[in-house]
Amino acid sequence: MNIFSYGYYIQQAEKALEQGLISNGKYNELLLSAFRSDLVYGEEIEGGELLD
């Protein structure tokens, strides 16, 4: 079973990073807590393509 988040949560994390409100480490932590290791580590999702 593949579980991951996308949409508003990811956009808000990106916005906070761009505005300097959070560090790169915190951004990666947020992505990992949202089951998005593919975005942090560049892993491919089953099916051979990255989903964002």
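The values are calculated or read from the model by the stated rules, or taken from the named source; none is laboratory data. Since the model is a prediction, treat every value here as computed from it, not as a measurement. Cβ sites come from the backbone with ideal geometry, for glycine too, and all protein chains shown count toward neighbours. The protein model used for the area step is the full one, side chains on, heavy atoms only, and it has no ligands, DNA or RNA in it. Shrake-Rupley method; radii C 1.70, N 1.55, O 1.52, S 1.80 Å.
Selection within region 26-41: residues that are open to solvent by 50 Å² or more (accessible area, probe 1.4 Å) and out of contact with any helix residue (DSSP H, G or I) (no Cβ under 7 Å at 6 or more places or on another chain). The member of this set that is modelled with the lowest pLDDT is Phe35.
Pairing each residue of region 6-20 that is in contact (Cβ under 8 Å) with a residue 40 or more places away in the chain with any residue that is part of a helix (DSSP H, G or I) and not β-branched (Val, Ile, Thr), provided the two are 6+ apart or on different chains, yields C-beta distances under 8 Å for Ile10/Leu31; Ile10/Leu39. Among the residues of region 5-24, those identified as open to solvent by less than 60 Å² (accessible area, probe 1.4 Å), closer than 13 Å to Leu39 by Cα and in a helix (DSSP H, G or I) are Ile10, Ala13.
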